[in-house]
1. Going by the structure shown, is Val76 crowded, with 19+ Cβ neighbours inside 10 Å, touching a residue at least 60 places away in the same chain (Cβ under 8 Å), within 16 Å of the ligand (Cβ to nearest atom) and outside any loop (DSSP other than H, G, I, E, B)?
2. Among the strands (runs of 3 or more DSSP E) lying completely within the range 132-247, list those that include at least 1 residues that are over 25 Å from Leu267 (Cα atoms) and out of contact with any Phe, Trp or Tyr (no Cβ under 8 Å at 6 or more places or on another chain).
3. Condition (residue is within 16 Å of the ligand (Cβ to nearest atom) and either surrounded by fewer than 22 Cβ atoms within 10 Å (Cβ to Cβ) or more than 23 Å from Met8 (Cβ to Cβ) (or both)) applied to the range 89-108: is it met by at least one residue?
4. Under 7 Å by Cβ, and 6 or more places apart or on different chains, what pairs join a residue from the range 359-378 that is under 8 Å from Ala151 (Cβ atoms) and touching a residue at least 60 places away in the same chain (Cβ under 8 Å) with one that is more than 10 Å from the ligand (Cβ to nearest atom) and of a type in the set (D, E, K, R)?
5. Out of Leu83, Leu59, report the one residue that is within 16 Å of the ligand (Cβ to nearest atom), at pLDDT 95 or above and assigned to a loop (DSSP other than H, G, I, E, B).
6. Suppose the filter is surrounded by 19 or more Cβ atoms within 10 Å (Cβ to Cβ) and at pLDDT 95 or above; does Leu212 pass it?
7. If Ser139 satisfies every condition in (1) of a type in the set (Gly, Ala, Ser); (2) within 16 Å of the ligand (Cβ to nearest atom); (3) on the phi < 0 side of the Ramachandran plot but one, which is the exception?
Amino acid sequence: MKKTLQNMKVTNKTVIVRVDYNVPILNGKILDDSKIIETLETINYLISENCKIILLSHLGKIKTEADKLKYSLEPVAKHLKDLVNSEVYFTKDIMSPDLKKRVSELKPQEILMLENTRFADLPKPLESTCDAQLSLFWSSLADVFVNDAFASAHRAHASNYGIAKYIPSCIGFLMQKELFSLNKLVINPEHPFVVVMGGAKMDDKIELMENLIKKCDYLLCAGGIANTCLKALDFGVGQSIVSKDFRIIDKLKKMMLENKEKFVLPLDAIVGSTYDENYVKYKRIDTIDDNDLIQDIGVKTLEKYQKVISSAKTIFLNGTLGMYENPKFANGTKEFFNMLSKTDAIVVVGGGDTSSAVKNLGYQNQFTYVSSGGGATLDYLGKEKLIALDVIEEGETIETLDL
Ligand code: 3PG
C-alpha cells in the first residue's frame, strides 16, 4: 500500500490536497455531493492536526473559454462551507505570485479552494500535460501533498502526478479505502468470485474483462457486453448495441472459448424496436428479430443469474442489466440489485454509470463498497495500477480497514 496520512507528519503544516470534486452541478446547485462527502474524513483529519489546507480539483472538460463559464468550482466551495466546521475560502487564482501571498495569510484549520485546475489548460495545456513549471508552482505552496482524488488517479496531470514529484506526498483516506476494497478483488478475492458486467459500452472494458476472467469463477454478462458475446457466437441481436470493432469481437470470442465454463449469458430478453417506441416484447434469446433492440434481461435470465450469485462469496458489479432509465426496461436491473442486496457476499460496485444507477435506485447503502471512480476503477482493476500513484512512495501494508 502507498504511504498514507497515518505514515506522515502533518501537524501544523500547510497541506495541499488533490480531491475529485468533478460533481454534477445545475444552476449553481450540486446535484450529487457524494464525492465531496467522501473526502471529509481527510479534510477533518487535517483540520484536527491544525493544518492550513489548500484544495485542488478539476471539474468537467475545459476545451474553450466558454467551458470556463460552465465549470467554475465556486459553487462547490460554497457547498463545502456547509459541510465543515472551518472557514472555506475560494480563489479564482490558480497560478500567480498573489496566490502565494494569499496562502501565506491562511490561518491554521482554514481551507482555501483554488479554481478548477483544468483552467490551466487554456490557452496552452499545462495541467493535462503535467507541465513542470505548474507542478513546481503548486508544490511550492505547501509542505505536504495528499492525493485523495481516486477518481482522477488514472490521469498523470500536474495537480496529481506533478506535485507529488516535488514535495513529501501520501494518499488520503478515500484513496486508501478505494485501493483497499478494490485490492480485495484483484489480489485476493474470496471464492466463488462472480463478476457481473453490463451497461452499454463494450470497447473500453475489454482489458478489464481480460484481467478479471483470470481471477473470477463466473462472469455474468448483460447489456452491450452480452450482446457482443451473443453476436460473436453467431446469435442474431437485431439492432441491439454491440461492439463494431472486429479486434474486440475476436478477443472476446477467444476469451469465451478459453473460459467456456466461466461465461454466463442471457437466456431471454425484453426487446424494443427501431420502428415503434411503444413496442415492448418478451423474447427467448434465440428468437431476436432484425429490428429488435435488446433492452433488458428476462425472468429466465434472472433465475439463472440468481443461482450463480447465491453461492458467491465476492461479487463485483460493473454496468446495469438493461436500460433502467426507461421504466419499461428497468425490471432486470432492479430485481438483480435486489438479489444482490440479499446475498451475504462482499459486493463491490465500480464504474461511474453503475455507481449512479446504484444511487438512483436507492441501493447505495446496501452493498459493501460503492467506488467513487469511473475510469479510474476500471483502469485499476484492468491494469492493477494507477499512474498518478507511481510517484508516491510505498508505506506500511494496511491489513484491515472498516468499510
Ligand atoms: C470522473 O468523473 O470519472 C473523474 O472525475 C475523471 O474525469 P475525467 O474523465 O474528465 O478525467
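The values are calculated or read from the model by the stated rules, or taken from the named source; none is laboratory data. None of the values given here were measured: they were computed from a predicted structure. Every residue, glycine among them, receives a Cβ derived from its backbone with ideal geometry; neighbour counts consider all protein chains shown.
1. Numbers: crowded, with 19+ Cβ neighbours inside 10 Å: yes; touching a residue at least 60 places away in the same chain (Cβ under 8 Å): no; within 16 Å of the ligand (Cβ to nearest atom): yes; outside any loop (DSSP other than H, G, I, E, B): yes.
In short, no.
2. Numbers: elements: 144-147, 169-171, 193-197, 218-221.
By residue number, 144-147, 169-171.
3. Taking the range 89-108 first, the residues within 16 Å of the ligand (Cβ to nearest atom) are none.
No - not one qualifying residue is present in the range 89-108.
4. If the second residue must be more than 10 Å from the ligand (Cβ to nearest atom) and of a type in the set (D, E, K, R), the pairs left are Ser372/Glu38; Ser372/Glu178; Gly373/Glu178.
5. On the way: Leu83 fails: within 16 Å of the ligand (Cβ to nearest atom).
Answer to the check: Leu59.
6. Values: surrounded by 19 or more Cβ atoms within 10 Å (Cβ to Cβ): yes; at pLDDT 95 or above: no.
No, not satisfied.
7. (2)
For (1) of a type outside the set (A, V, I, L, M); (2) under 25 Å from Leu83 (Cα atoms), each residue gets a yes or a no:
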site: Leu112; (1), (2): no, yes
site: Glu115; (1), (2): yes, yes
site: Ala120; (1), (2): no, no
site: Ser128; (1), (2): yes, no
site: Gln133; (1), (2): yes, no
site: Leu136; (1), (2): no, no
site: Phe145; (1), (2): yes, yes
site: Ala151; (1), (2): no, yes
